[in-house]
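First the structure, in the form of structure tokens, and then the observations on it.
The values are calculated or read from the model by the stated rules, or taken from the named source; none is laboratory data. In this text the structure is predicted, and so the values were computed from the model without any measurement. Ideal geometry is used to build each Cβ from the backbone, glycine not excepted, and the neighbour counts take in all protein chains shown. Side chains included, ligands, DNA and RNA excluded: accessible areas come from the protein's heavy atoms. Shrake-Rupley method; radii C 1.70, N 1.55, O 1.52, S 1.80 Å.
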Amino acid sequence: MDIKISLDKTAFQCKPTNRQTAFMKKRLPKEEDYYDIKTIAERIGNHGHSFLPATFEGLASKQENFEQCQLFGIDFDDEPDYEKIKKKLMEYHLPIVFSYHTFSSTPEHPKYRIILCHIVPITEKWLADMILKMLKKMFPEADKHCFETARLFYGGKRLIEFHEVIEETGENTFNVYNLIQEFEKFLYIHDSRNFSRNLKLFARNYKLNIHNNHFDIYEYNTQRGCISTDPNTNEEKIGSNIKYELYIPNTSSKIIFYELQEKAVKKESSSQRIRKKSAITIMEKVSNDKICNCCRLWRDFINGEPLDHNTRFSLATNIRFLTGYQKKFLDTLNKYYPDTDISKWKGYFNYMKRQNYNPTGCNDCKYKDTCNHKTNLLETLRGRKQITYFNKQNFISVDESVAQVSSELNAALRKNTTNIHLIPGQTGIGKTTIYVKLIKSRPRKKPFLIAVPTNNLKSELVQKIGQDKVLEIPSFEDLPLPPELRQTVERNYSMGFINDALESIKTYAHNSKDNSIFMNYLHPETALAHSSKCVIMTHARFLTLPNRVLKNFEVLIDEDILYTMLTRTGSVQISSLKKALKANVFSPEKQIEIEELLKLKDNKCCRNRNRYSLKLDMGTLKNCKTTDNLIDFAKADCYMKQKDCIKYLAPVQLPKCKMIILSATLDETIYNLFFPERKIVYHEIEQAAYKGNLIQYPCYSMSRKTINDFIEKNTLHCPTVSALFKKIITNTDNVYYGITFKKYENDIPLEHTLHFGNLTGTDYYSGKNGVIIGTPHFPSYLYQLIAFSIGISEHGSLKNRKVSYKGYQFLMMAYKNISLQRIQFYLISSELEQAVGRSRLLRTDSTVYLFSNFPCSQAAFCLDNYLKDADAQELDTDKNYD
């Protein structure tokens, strides 16, 4: 198990001096990292490294900056009998992870420190403090000063014992719920007369509720139900006074802490609170077509499909609230069920009215898993936007899906053609692990060349395969350049002066002692020609290599490279182009083309006619003193004129070699649109069912335009984006991280945030609950440029349309052209797939809450108007994505 702590890099053989400790406290917050528990024990116990068990936000290890803590230390300076303490820990079900002799320990007066490990990190300061205070009371023989969250512990001179932590089962860890039970026993045994008073006093310090003379805390197993010992908790308790829920993915459980209740509701236990029935409004003028679109069961009934008595009765409890539909129901019975006693059904309707029957819910409906419903038919009809899933999907296990990906990868590797092989694997299925095992298993005739989207993923992959088995083609970010030179080179790159940038790097490399990294950067073709190792590089570097080099490798592309290429747009100011035209920077042919481009109406596109005959006067270009990249502009595939600038799309091209692409977002139709001359081989992989949960709220699009309108019109009484997001997050449960648009990332009221466009490969939040706010539409100019590049000119305008994608039918702002729709939905779904995948729902029992109107696979839809303001729906304009 890897545990996050601040571990000092300096080893000591004796207790550090006050001066050394002062320096240590300054540097320790900067040295926080994840370490294997065995490494932690070895460095601390045998090599004298100091450590902070807790980590802190910022550069000060103060209690108010607390971030998380998983290890808890207890010092024993005045209890020489180690075995006595060990036995006491066993009685309290507190397993020792490791223990060691402190620097001041002697044979005559042994002093030692015992380290305990909680099953998951504690991220709430009050809970970490509560654990320490319970341990302090239970172990009065321990040093009183060691029970602080910001406590610095010195290392020791010899380990006493070490026990490996098994992450999957939680072996050799403790659970705060079990600790609380032992603490209750401790209080009772040591002072039974004052047990109730002491329990309440302790609970009040942490604003925890007391129920039946016990802490109002329960451990709930998400697969089997509540497993706490209270006989009244066979079902998960319902109430609005939950203080905190601690999720434990290892055991598929959560610990629920209930908050101290006000005196006014003291007599009412949290398990007794229920909602009072409210009057249900009769719905008038509802068309039969609308009901049929909302409810497939009603559609079956009205069309004469045979339904059993209970199903018909459930329908009757709903339609009795729809004006005119009781008669339609009875007429349908008379038509398709001739043996039915109609007078008896009239009696049923009277009984329902007399007994105030509520509408039966959708939970027992045979279509519940494939229908976009609320709690019942009435609530579904009141929902504004509907999402319908028409395809019946059978899921397989994760292991079966992994086996399919592995099998299809091997099949693709056996082919010797120059086809493009697409192997879709869900986010978190373990695609990287599959091909890393394949690379390590046996040598092949051709070495692998692996291209990944980001530099961070490249570094991770090098570590997984092994530095000695890999040739890493560096990116610019990898080069050890001085800050001033790096800034100069970056500026040259951004303006398109590639030769100047390379020349600066060459000059610096010539004077460097070890210039191998520079040579591999400057001359990747030479490095590849003499390498038999596995080669790793980024997508960007891969796209610059010639076919003659790539044909010597088995090319694996990790993540969807087409998505990367389609989002490579640029912009130049019209004023910059006019300067360049005046200075005669371009060839005569290009000058004429640019002049024609500037005469176009706004939002009109044209193709680059002179891309393959690029001639620029570089000296004149530099004298133009423009910061725009006119070189990339001249190499573009197509252009769109706007009011003050020209938008352009880079050429969408793949090398003409065999390649295998593994990604969760692959779309065979899109690849065929962009590479019609290539054979696309799509390898079908069945989807595995999520272990976790994806809960989607599609009531609003939550596009940038929608969010902006909510704030500007202030109908929701949310004057800021922060206030709006805070209101949205009240519909979630114990979320750890949030994802939204880059401009709004800092408005999410959570410590951990990400933004769309920066999600690929991020694995920090595996097993954590997350919230995603937004439908990541791309600017309309991007859609139109992409469409124009493949010959789609009649794109029409964005309108609210009923559309279909991957088995779902839904309403959305979309283009009329089906191919352009497909491109639009492909880009949006790719971004959302990456966002949803951060929690690794396939393998962890976590939950992701998605607030978007674009349907995602395996989502459970909640059609509630989660903002609960009557005027809110009118604000969901969803028309501009820029």
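General observations
- Segment 633-682, accessible surface, carbon-and-sulfur percent (1.4 angstrom probe): 45 percent
- Filtered trypsin sites (Lys or Arg not before Pro), segment 475-556: DSSP coil and at most 12 other beta carbons within 10 Å: K513
- Remark on I739: its backbone amide H falls under 5 Å from those of L754, V771, I772, I773, a criterion applied only to residues 5 or more positions apart or on other chains, H modelled at 1.01 Å from N.
- Database remark: amide H of L449 closer than 5 angstrom to the amide H of V535, E554, V555, L556 (H placed geometrically; neighbours at sequence offset of 5 or more, or on other chains; Pro and chain starts carry no H).
- Computed lengthening from S766 to I166, 0.36 nm per intervening residue step minus Cα-Cα distance: 214.3 nm
- Rolling a 1.4 Å probe across the protein heavy atoms gives segment 328-471 an accessible surface of 55 Å² per residue.
- Sites matching chymotrypsin sites (Phe, Trp or Tyr not before Pro) across segment 745-815 that sit in DSSP coil, with at most 16 neighbouring C-beta atoms within 10 Å: Y764
- Net charge dipole, segment 630-736: roughly 280 debye, given to the nearest 20, about the Cα centre with Cβ charges of +1 for Lys and Arg and -1 for Asp and Glu.
- Full extension of the segment from D733 to K366, taken as 0.36 nm per residue of separation minus the current Cα-Cα distance, would add 129.3 nm.
- Using the Cβ-Cβ distance between S475 and T39 with R0 set to 30 Å, the FRET efficiency works out to roughly 0.50.
- Note on segment 343-497: with neighbouring protein chains present and a 1.4 Å probe, carbon and sulfur make up 47 percent of its accessible heavy-atom surface.
- Heavy-atom accessible surface of segment 703-767: percent carbon and sulfur, 1.4 Å: 42 percent
- Among the listed pairs K4/K88; K243/K374; K15/K111; K458/K656; K38/K431; K615/K635, those beyond 18 Å (Cα-Cα): K4/K88; K243/K374; K458/K656; K38/K431
- Inter-label distance for N416 and C292, nm, one decimal - labels placed 7 Å from Cα along Cα-to-Cβ: 5.9 nm
- Across the chain, C-alpha contacts under 8 Å between residues 6 or more apart give a mean separation that, scaled by the residue count, equals a relative contact order of 10 percent.
- Inter-part distance where segment 713-736 and segment 141-188 are each reduced to a Cα centre, Å: 38 Å
- Considering only the chain, percent of DSSP beta bridges that pair antiparallel, nearest 5: 60 percent
- Cα-centred dipole magnitude for the chain, charges only on beta-carbon of K, R (+1) and D, E (-1), debye, nearest 20: 1960 debye
- Per residue, segment 57-148 exposes 41 Å² of solvent-accessible protein surface, assessed with a 1.4 angstrom probe and all protein chains in place.
- Shape category assigned to segment 303-357 from the gyration tensor of Cα positions, a/c cut at 1.5: prolate
- Prolate/oblate/rounded label for segment 113-157 (Cα gyration tensor, a/c 1.5): oblate
- Scanning residues 5 or more positions from N693 or on other chains, those with amide H under 5 Å from its amide H are S846, T847, V848, with H placed 1.01 Å from N in the peptide plane.
- Cross-link partners of K641 among lysines, defined as those whose alpha carbon lies under 18 angstrom from its own and excluding same-chain residues fewer than eight positions apart: K578, K579, K590, K599, K601, K604.
- Per residue, in Å², the accessible surface of segment 491-628 once ligands and nucleic acids are set aside, probe 1.4 Å: 55 Å²
- With both labels modelled 7 Å from their Cα along Cα-to-Cβ, the N212 to F103 distance reads 5.2 nm.
- Here the 3J(HN,Hα) profile of segment 557-564, calculated from phi with Karplus coefficients 6.51, -1.76 and 1.60 at θ = phi - 60°, is 9, 8, 6, 6, 6, 5, 4, 4 Hz, Gly and Pro shown as x.
- Net length available on complete extension from A540 to D864 is 112.3 nm, with 0.36 nm assigned per residue and the Cα-Cα distance removed.
- Lys, Arg +1 and Asp, Glu -1 on Cβ, resulting dipole of segment 603-687 about Cα centre, debye, nearest 20: 620 debye
- Neighbours of I180 by Cβ distance under 11 Å: Lys/Arg scored +1, Asp/Glu scored -1, total -3.
- Two-site label geometry, T669 and R382: point separation in nm, points 7 Å out along Cα→Cβ: 3.6 nm
- With R₀ fixed at 30 Å, the C-beta to C-beta distance from N603 to K726 puts the FRET efficiency at about 0.20.
- Cα centroid separation, segment 544-587 to segment 278-341 (Å): 59 Å
- Euclidean distance between Cα centres, segment 634-707 to segment 800-831, Å: 12 Å
- Using R0 = 51 Å, the C-beta based FRET efficiency linking D191 and E686 works out to 0.25.
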